[in-house]
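Right, one structure below, let's go through it.
The values are calculated or read from the model by the stated rules, or taken from the named source; none is laboratory data. Here the structure is a predicted model, which means the values were calculated and not measured. Here the Cβ is made from the backbone with ideal geometry for all residues, glycine too, and neighbour counts use every protein chain on show. The area values use the complete protein model at the heavy-atom level, side chains included, leaving out ligands, DNA and RNA. Shrake-Rupley method; radii C 1.70, N 1.55, O 1.52, S 1.80 Å.
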Amino acid sequence: MTFFDGEQKVLFIDDDPQLRVANIQLLELADINVHAFADAEGALSVLDRNFPGVVVSDIRMPRIDGLQLFARVRAIDPEIPVILITGHADVPTAVNALRDGAFDFLTKPFAVDHLVTSIRKALDMRRLVLDNRRLKAVINEGDSPLIGDSAVMSRIRETTLRLARADIDVLVEGETGTGKELVALLLHRKGPRRGRPFVAVNCGALPASLAEVELFGHANGALPTTRMDRIGRIEASHGGTLFLDEIDSTKPGVQTKLLRVLEEREVLPIGAAEPRPIDLRVVAATKSNLAEAIGSGRFRQDLFYRLNVVRIRLPPLRERREDIPQLFSYFVEAAKQQMGLPNFVMNDFVRRRLLEHDWPGNVRELRNFAFESVLGLSDTGGQASQDACAGSLVQRVERFEAMAIREALEASRGEIASTMQVLGLPRKTLYDKFTRHGIEPRIYRKDSSGGRMSERQ
C-alpha cells in the first residue's frame, strides 16, 4: 500500500519555513489537500507511479534542487504534473523545464489564485491520466472484463456493448463484488465518451457532512472556511461518465439535487447564483433492492424512475457456478504475472473450495482466493508440494483423476452405483480405474453411525 489513499493531493516542497507555512495555509483555504516538505528527499520517499496528485516545488533548495527533483519525478512517472516556483533570475531555467515536460512555473511573488488555478488544472489532468490507465488495465482493447461463458454472462456482455453505443443512463444492480464498476467502465470505454473523464464516486463512503460539497462543489465564499470556488465530482465528469456507486446510500437532500442533475443536465454548486450546464452520462449502481428502499422511504421514487432508464442485473457467483473455473484460472494467471511466480498446481483444498464454497463476496472474493492460493497463504498450509508439480501432463491428469474418484467415493459413502452416476462412468470402466490407481472402494463405506466399516465386511 502506498502512502496515499487515492484522494488527490499536492506535495508542496520549499525549504523556507515561513513561505512554506504561508502557502500551505492559503492552499488549505482553497480546499486543496496539501502535504508539506522542507526538502526534496522527503517528497521523493512517498512518490510512486500511482501518486494521484501534483508536485509543487521551489527551484532553489539545498542538496536536491527543484530541477533535480523534477528529473527524479519524471523517472518515477513522466505524467506526474510538476509546478515549479522560481525567482526572476531563474525564469530561463524554468522555461527550459517547461519544454522538458514541467506542467507550469510561477515567478515570485505570485498571486495565490494563480497557483490554485494551475494546481487544479494539473489535478484534473492527473485524474484523467490515472483514469485512462485504469481503463486500460481493466479492459483490453476489444475485450470485455466480464469473464464467463454462462448464458447469463453472454447476455450481459451483449447488452452492455449495445448500451455503450447508445450513450444513455444505466442502473446496474448486483451484490458486492459482482463487477458493477467493471460494467460502468465498459460502458464508458466502448461508448462515444471514451477518452473523456470517468469519475467514480462511492456514495456510501461520503461523510454526510461533506457529500454535497464533494458532489456539487461550492461557489466562492459559500462556506466560512473557504475563499475559492470548488468544482464538484459531478462537474468534473463533464463530457464523460459519472459512476455513482452505492446510490442507495445517498441522503434525501442529496437525492433531491441529483434528480435535478439527471433531469436538467445542470449542476448548482452550493452558494452559486446560477446552475452550470453539464454534458455527462450517469451510470448508477446499487447492491440493495431499490423498490424496498422506496417502500421504506429511504429512496425517492422519482429518482429511481429517472435512473431506471435501462437496468442491468449482475448475478451473484453462486448463480453462475459454471463460470468459476474460468474466472479462477484468469485470476491465477494474473497473480502469477504480477508476482513473478511461474508455477501453480491446484491441490485438494483449493479444488474443494472452488466446488463447495458459496462465495458471498462474489468475484472479488474469488480473486483474493486465487492470489492467496498462488502465494500459498490459503488454509492449505502452503502451496502444493514440488512433488505435486512434477511429471508430464499425462501424469498430472492421472493424479487429478484419482483425486476425483476418491472424492466421489467419499461423497457417496462408497456406494458404487452413486459413484458411477456422479462420475458418469460405466461399472467396468470405473473398476478398471480402481485397479489402475490402487483405490479400494470398501474403505469408503460407512455404517449408519458414520464410522468406517472394516475391510473384512
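Values computed for the structure shown
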read-out	value
Residue count for region 77-126, restricted to those that are in contact (Cβ under 8 Å) with a residue 60 or more places away in the chain, open to solvent by 50 Å² or more (accessible area, probe 1.4 Å) and under 22 Å from residue 196 (Cβ atoms)	2
Flag if residue 241 is within 30 Å of residue 117 (Cα to Cα) and either touching a Phe, Trp or Tyr at 6+ places or on another chain (Cβ under 9 Å) or at pLDDT 85 or above (or both)	yes
Close pairs from region 358-384: first surrounded by fewer than 15 Cβ atoms within 10 Å (Cβ to Cβ), partner assigned to a helix (DSSP H, G or I) and at pLDDT 90 or above, Cβ under 7 Å, at least 6 apart	358/318
Verdict on residue 274 being under 22 Å from residue 193 (Cα atoms) and either open to solvent by 10 Å² or more (accessible area, probe 1.4 Å) or without any contact (Cβ under 8 Å) to a residue 24 or more places away in the chain (or both)	no
Region 61-76, residues that are under 16 Å from residue 108 (Cβ atoms) and touching a residue at least 40 places away in the same chain (Cβ under 8 Å)	61, 66
Options 273, 236, 211: the member that is under 22 Å from residue 116 (Cα atoms) and either touching a helix residue (DSSP H, G or I) at 6+ places or on another chain (Cβ under 8 Å) or of a type outside the set (S, T, N, Q) (or both)	236
Set 259, 303, 244, 327: member being in contact (Cβ under 8 Å) with a residue 40 or more places away in the chain, in a helix (DSSP H, G or I), open to solvent by less than 60 Å² (accessible area, probe 1.4 Å) and under 18 Å from residue 174 (Cα atoms)	327
Within region 430-447, considering residues that are open to solvent by 50 Å² or more (accessible area, probe 1.4 Å) and not charged (D, E, K, R), the one modelled with the lowest pLDDT	443
Filter result for the condition that a residue is surrounded by 13 or more Cβ atoms within 10 Å (Cβ to Cβ), in contact with an Asp or Glu (Cβ under 6 Å, 6 or more places away or on another chain) and in a strand (DSSP E or B), over 293, 285	285
Hits in region 197-213 (condition: under 17 Å from residue 248 (Cα atoms) and crowded, with 17+ Cβ neighbours inside 10 Å)	200, 201, 203, 206, 211, 212
